[in-house]
Structures are given as C-alpha cells and as structure tokens.
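> Here it is, the structure, as structure tokens.
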Amino acid sequence: MGGRSQEAVPSARARAHYRDGVPSIRNLPAALASRAVHGVWRLAQQAGAVTAEHQGPYSFRRIGEGTRLAFPQGTVFGTPWIELGAHCVIGREVTLSAGMLPGLDLGPAPVVTLGDGVVLGRGSHVIGDAQRSVVIGDDVYCGPYVYVTSTNHSYDDPHEPVGKQWPRSAPVEIGAGSWLGAGSVVLPGARLGRNVVVAAGAVVRGEVPDHAVVAGAPARIVRRWDAERGWQPPLRTPAPEPVPAGVTSEELLAAAQLAADAE
C-alpha cells in the first residue's frame, strides 16, 4: 500500500547482513555462533546415535546389523527385553520400553520385538507390558508420533483415580509390510495382518485382516484387497511407476529438471 512490498523488507534486511552469501562484519559473531552450534549439534547426533557396535548406556537384548537409533532418544528402558532387527531406522525422541518401570525382572522372553527393516518416525512410542508383548513384523513403516502399546489404563472403580487402578494388558502384533500413518494409535489386543494401512490419527483395536486399510477413531475397514476384483472400493489414483533398475540418482535429478524446464 503506497510503499515497498512486504516481501521486499526481509530481502533488504538479508542484504544488510549478507553480501554475496558472506556475513557482513556486523553480523559475523552471530553467524559464527550459529555455525558453531549447528556443528556441535551434528557431532552430538553422530556420537549419540545407538547402533549394534555402539549401544551407549543401553544393553539391548539384540540390535541387528545396520540398525540405528537417532539422537536424542526418547525414554528407553527394559532394554534386556527389547529386540531390534537388522536395518531398522528409529527416529529422534522415540520411546521404547519393556515393562512399566525400569529395573524390573521381566523373565526370559523378549517383551518388545521389532523385525528387520522397521522404521519408527520421530516421537513414536512402543510400550510392552511385562506379561503382554509387542511384536512388529519386518518392513513395517511408522510415521511420526505413532503410539503402540500392550497396556492401558482401566477405570473399573469409579471411586479410585484412573491412574492408580491396575492397567489392562493384551499382546499386540503388527504384520509385516504394514504402514502406520502419523499420530495413529494401536491399543492392547490389536492384531494387524500383513500389509495393513492405518490412516493418520486412527485408533486401532481388535483384529485387522491382511491387505486392509483402516481409518477413524475407532478405526474401521475402509478398503480391502480382493484376489479377483482387486482393491474394493477401487483406488482413485493409478499406481506409481517404479524406478527402472540401474537408474542412478543423478539421472533421476536430470530427468526431473528436464520435466520442470518443459513446463
């Protein structure tokens, strides 16, 4: 309105602090401090990551080859009863717990088991009760802030605070190849089949068959695979085309640039 656009103001400020990408003398201390902080943080992330070779303060029952827990980790305890398969990717601030309190003897069997190639997004929680295990199959992908638990509060006694009542527990099993969307919750007793899709924000309990899509709270089946008719109801978009074997990342980037230039 009658003057410089709002977009021009940040640009002018940026030019005052930088010339040709180099910090101005006035802004040099802040720029150096910023770079130092980011550099130290990257070093901390590298040093604080947990792998089979470097378990840090933990003593997992098993960590497979190529598995990595990003730093910083969330709440992690009961590690002698937690098994992590090979080539798992566990994001920042992920909580893994076996039992509800640290320092307990939970017996000879694992309580939390992740198969090979499992991905847990940032801030996710996997919580196994001492007597009721959580088993996540191979190649299960979880978005951020997914919550999987085999134990939950009970409220049978209306005169007692809910948090002080003995919890209910039931084993949880998530079939291989499944995908759990961001913010989804898997409750005690849930048994998900193979290649199940859980929509973001869904709350799942009970049994879900193979090749089903569930959504909602409580979750219900909204799509299933039929061997004769395919997906029912049918998918609304065509299947993505896979990248041909042997194509390099450089070739993909070049193809993307050509497509952008053609538009």
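> With θ set to phi - 60°, apply the Karplus curve 6.51 cos²θ - 1.76 cosθ + 1.60 along the stretch 229-244 and write out the HN-Hα couplings as whole Hz, x wherever there is a Gly or Pro.
Karplus-based 3J(HN,Hα) across the stretch 229-244 equals 10, x, 5, 10, x, x, 5, 8, 10, x, 5, x, 7, x, 6, x Hz.
> Moving on. Let's see if you can work this out: charge +1 on each Lys and Arg Cβ, -1 on each Asp and Glu Cβ, no other charges. What is the dipole magnitude of the chain about its Cα centre, in debye to the nearest 20?
Charge dipole, the chain, about its Cα centre: 960 debye, nearest 20.
> Right, another one. Per the helix-only calculation at 222 nm, which mean residue ellipticity applies to the chain, given -39500 (n - 2.57) for every DSSP H run of n ≥ 4 and division by its residues, nearest 500 deg cm²/dmol?
Rounded to the nearest 500, the figure is -5500 deg cm²/dmol.
> Here's a follow-up. Working from Cα positions, state the angle (0 to 90°, nearest 10) between the long axis of helix 8-17 and the longest principal axis of the chain.
Result, in degrees: 80.
> To continue, here is another question. Which ³J(HN,Hα) values in Hz, rounded to whole numbers, follow from the phi angles of the stretch 159-175 under the Karplus curve 6.51 cos²θ - 1.76 cosθ + 1.60, where θ = phi - 60° and Gly and Pro get x?
9, 10, x, 4, x, 9, 7, 5, x, 9, 9, 7, x, 10, 9, 10, x
> I've got another one for you. Could you tell me the relative contact order of the stretch 49-232? Use alpha-carbon pairs under 8 Å, at least six residues apart, and round to a whole percent.
Numbers: 568 pairs, mean separation 22.5, N = 184.
Relative contact order, the stretch 49-232: 12 percent.
> While we're here: Lys/Arg Cβ at +1, Asp/Glu Cβ at -1, dipole of the stretch 49-232 taken about the Cα centre: which of Ala199, Val118, Gly78 is farthest positive-ward?
Ala199
> How large is ³J(HN,Hα), in whole Hz, for each residue of the stretch 144-152 in order, when computed from phi with the Karplus curve 6.51 cos²θ - 1.76 cosθ + 1.60 and θ = phi - 60°, using x for Gly and Pro?
Once rounded to whole Hz, the list reads x, 6, 7, 10, 10, 8, 9, 9, 8.
> Most fluctuating residue of Val247, Val50, Val204 in a GNM of the chain with Cα springs under 10 Å: which is it?
Of Val247, Val50, Val204, the Gaussian network model singles out Val247 as fluctuating most.
> Compute the angle between helix 249-262 and the longest alpha-carbon principal axis of the chain, please, reported from 0 to 90 degrees and rounded to the nearest 10.
Its long axis makes an angle of about 60 degrees.
> Can you find, among Thr151, Val222, Ile90, the residue farthest towards the positive end of the dipole of the stretch 49-232? Put +1 on the C-beta of Lys and Arg, -1 on that of Asp and Glu.
Among Thr151, Val222, Ile90, the one farthest towards the positive end of the dipole of the stretch 49-232 is Val222.
> I would also like to ask the following. How charged is the neighbourhood of Trp41? Take every other residue with its Cβ under 13 Å from the Cβ of Trp41, and add Lys/Arg as +1 and Asp/Glu as -1.
+3
> Let me ask another. Name the long-range amide H neighbours of Val208: under 5 Å, sequence gap of 5 or more, or other chain; modelled H, no Pro or chain starts.
Under 5 Å from the amide H of Val208 lie the amide H atoms of Arg191, Leu192, Gly193, each far enough along the sequence or on another chain.
> Moving on to the next point. Please list 58-66, 229-237, 181-189 highest first by mean number of surrounding beta-carbon atoms within 10 Å per residue.
181-189, 58-66, 229-237
FYI, it's all coordinate maths here, none of it is from the lab. Keep in mind the model is a prediction, meaning the values are calculated, not measured. Counting neighbours? That spans all protein chains shown, and the Cβs are built from the backbone with ideal geometry, glycine included.
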